[in-house]
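Report on the following structure.
The values are calculated or read from the model by the stated rules, or taken from the named source; none is laboratory data. What you see is a predicted model, and the numbers here were worked out from it, not measured in a lab. Positions of Cβ are backbone-derived with ideal geometry, glycine not excepted, and every protein chain shown enters the neighbour counts. Just so you know, the surface numbers come from the protein's heavy atoms only, side chains and all, with ligands and any DNA or RNA stripped out. Shrake-Rupley method; radii C 1.70, N 1.55, O 1.52, S 1.80 Å.
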Amino acid sequence: MRTARTAWILERAAIRAQMQYKANFISMTLLGIIYQASAFSFVAIVMYNSGVIGGWVFEEICFLYGLRLLAHSLSILPLSHLWTLDSMVREAEFDRYLLRPMSPFLQFLTSKFQMSAAGDLLVASIILGYAFPRVDIDFSPATVTFLMAGVAGGALVEASIQVAVASLVFRTLNTMSFRIFVDTIFNLTGNYPLTIFSGFVQSFLIAIPISFVAYFPAVVALGKEGELNVPLWVAFLTLPIGLLFSLCAAMTWKSQMRHYQSAGH
Amino acid sequence: MPLIEVQDLVKEFQRPRQKNGRFSAFRTLVSREYDVVRAVDGISFSVDAGEVVGYIGPNGAGKSTTIKLLTGVLEPTSGSVHVAGSAPSRNRRENAQRIGAVFGHRSQLWWDLPLVESMKLLAALYDVDPKAYRSQLAYLDQVLGLDEILPTPVRQLSLGQRMRGDLAAAFLHQPSVLYLDEPTIGLDVHAKDRVCGFIEQVSQERRATIVLTTHDLADIERLCDRVILIDRGTVAFDGPVKELKASYASERVLKVRYEAGGSDELTLGQPLASGTVVSAAPGEVSLRLPAIASAVPTALSEIGRLGHIVDLSIEETSLEEVIKQVYSARRAAAR
């Protein structure tokens, strides 16, 4: 409890520090909007010409895309400075976290706050705002709870994978290309129905487990269970898988942190 | 029981072996060969509560690595470190409450926020209660003159001010041990004096145990009762500063001015009393003497015969000179 309070105090300080750089905040947000909006407009153009992809109409694709972008925004909200871990470890700035009576990961998490998620979050809400009234979903309390659990689980999956990959820095001293690689796979494949991929790719995407992030929750909510090639109960596992991945990420971080060598003699 | 106990401490670092010749960068990348560098090579010492110990040695001798092992940032390759009976790298949080650390070339403050915010955040991190926080901050203000810099964002502080901030930050939770890794690096005389004053005060008033590394031997002479000299990862000397000087500085120089009457009778290299003349001018002479108490009076009475003595000074061999001697003696022994 005290830890949570302290972490919140540190996070607020990080936000205050960030607010000193207003121009950066505004351009970061604009960048997020432009980046995500142009990625989405590509999908919209394809949809405009074909009408249906993988048996999904435009509004349904919007729903799926919005869910995934929402999970993505939430996952980077506390972790937008994950890329700074590389230089922190390389230049031994990480020393200070090992000198203080709090988990080094929590200290790193609350060390900075970059509002780069604001743009993504905004685009996600616009897309979902467009899709919600147009898809054939009865937004009962049960469905809403299910979708919220799905988004939370999806955010945890993505954040966990990013943290686990970033923690390799304690040994490799540079993880940039690996992190970009993972991010690209998520962006390229996470926003579309699994049905557009071949059988082998489908199994791969379930395994890594991108399909759990937004696709399975969307399938269940839209009542498209017929197209699943896995047992129905698997599609309900997003949140448990998110929690399981968080646990694995924590263990990876811990085991990798032991290899920290600082710098200099 | 000593507060800090270090036993046969060894720390090795691995680095990929750099290849030469064609495609060297690529071959370095794919090779699995490593060079092992031993930064700390079997160091043992112990520090009692309340001691101020100077930890000195040339660049690359293993000073910072030892400090990192003592603070728990690094895990020993072999051997052990115990602070108040527990191993720092295995009980990091418990250890953190007990220690404060300052690394001179790296600030631990929140860069973008006023200094006072760093203090508040550290109080939250170390669970310092509001009453203790206020009294400790008042104490630190008195010792370090903190009030004038508290509202300033850390990135706008001068190096001397920042160092004061870092010292205050390290001592806010009243640690019993302070590790100071080159806290006077790059500071001007005035700022340096302030840092030394802080160390003296917390050592005397708060009985803090202090391990200090520095290249400034004047700091060591002023502050430390004891000095540990390390060289290539091993202990070259461990004992009182006086003892170090006594065992190596076996000579001192006596300078005398006197009212020269008539012709000057002293020449360079001439033996006089128990020493030798190292420089001579009319009315002025420097003598190199063995560092024994009786040498000076005998020499003075000899010179007194030449003329009335006006002024005299005795130059001790500087600590710097002594340390040079220690290292060259060890190099010679190793050969």
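Sparse packing (at most 11 other Cβ atoms within 10 Å of the Cβ) combined with a DSSP loop state is found for the following GluC sites (Glu not before Pro) in the stretch B:25-98: B:Glu33. Ranking A:Trp8, A:Trp56 by solvent-accessible area of protein heavy atoms (1.4 Å probe, all protein chains present), from largest to smallest, gives A:Trp8, A:Trp56. Working ranking of peptides B:65-75, A:101-111, B:143-153 by packing, defined as the average number of other Cβ atoms within 10 Å per residue, highest first, is B:65-75, A:101-111, B:143-153. Suppose R0 equals 22 Å. What FRET efficiency, 1/(1 + (r/R0)^6) with r the Cβ-Cβ distance, do B:His105 and A:Trp83 give to the nearest 0.05? Given R0 = 22 Å and the Cβ-Cβ separation, E is 0.35. Summing +1 for each Lys or Arg and -1 for each Asp or Glu among the other residues whose beta-carbon sits under 13 angstrom from that of A:Trp8 gives +3. Helix A:58-76 axis versus longest C-alpha principal axis of chain A: approximately 10°, rounded to the nearest ten.
At a probe radius of 1.4 Å, figure out the A/B buried accessible area, summed over both chains, and give it in Å² to the nearest 100. Buried: approximately 2900 Å² between B and A. Take chain B, mark every one of the chymotrypsin sites (Phe, Trp or Tyr not before Pro) that falls in a DSSP loop and has at most 15 other Cβ within 10 Å, then report the longest stretch left between them, sites excluded. Excluding the exposed sites themselves, the longest stretch runs over B:112-335. For B:Asp188 and B:Arg155, the FRET efficiency from 1/(1 + (r/R0)^6), where r spans their Cβ atoms and R0 equals 22 Å, is about 0.65.
With a Cα cut-off of under 18 Å and a minimum spacing of 8 residues unless on different chains, the lysine pairs in chain B number 6.
Under the definition of Cα pairs under 8 Å and six or more residues apart, what whole-number percent is the relative contact order of the stretch A:2-257? Rounded, it is 28 percent for the stretch A:2-257. Per-residue Karplus couplings for the stretch B:99-105, computed as 6.51 cos²θ - 1.76 cosθ + 1.60 with θ equal to phi - 60°, are listed in order as 10, x, 9, 10, 10, x, 9 Hz, Gly and Pro entered as x. Counting only protein heavy atoms and using a 1.4 Å probe, the accessible area of B:Ser107 comes to about 20 Å². For the stretch A:84-125 and the stretch A:1-63, compute the distance between their C-alpha centroids and round to whole Å. The distance from the Cα centre of the stretch A:84-125 to that of the stretch A:1-63 comes to 18 Å. With the simple model of a label 7 Å out from the Cα in the direction of the Cβ, B:Arg15 to A:Met19 spans 4.4 nm. With point charges of +1 on the Cβ of Lys and Arg and -1 on the Cβ of Asp and Glu, referenced to the Cα centre of the stretch A:114-265, which listed residue (A:Gln114, A:Ile127, A:Ala207) lies farthest in the positive direction of the dipole? Going by the charge dipole, the pick is A:Gln114. Based on protein heavy atoms only, the protein assembly as shown ends up with 47 Å² per residue of surface accessible to a 1.4 Å probe. In the stretch B:52-71, the residues whose accessible area drops by at least 30 square angstrom when the other protein chains are added to the isolated chain are B:Lys68; the probe is 1.4 Å and only protein heavy atoms count. Computed from point charges on the beta carbon alone (+1 for Lys and Arg, -1 for Asp and Glu), the dipole magnitude for the stretch A:2-257 about its Cα centre is near 960 Debye.
Near the amide H of B:Glu284, within less than 5 Å, lie the amide hydrogens of B:Tyr258, all on another chain or at least 5 residues away, with H placed in the peptide plane. Could you work out what % of the accessible surface of the protein assembly as shown is carbon and sulfur, using a 1.4 angstrom probe and leaving DNA, RNA and ligands out of the count? Here it works out to 59 percent.
Annotation for the stretch B:206-263: GluC sites (Glu not before Pro) lying in DSSP loop with at most 16 further Cβ atoms inside 10 Å of their Cβ are B:Glu259. Compared with the alpha-carbon gap, the fully stretched path from B:Ala132 to B:Glu148 is longer by 3.7 nm at 0.36 nm per residue.
Comparing Cα centroids, the stretch B:27-91 and the stretch B:157-197 end up 22 angstrom apart. The equivalent ellipsoid of chain A has semi-axes of 34, 21, 18 Å, largest first, where each one is the square root of 5 times an eigenvalue of the Cα gyration tensor. Taking B:Asp225, A:Asp183, B:Asp166 and ordering them by how much accessible surface each has at a 1.4 Å probe, largest first, produces B:Asp225, A:Asp183, B:Asp166.
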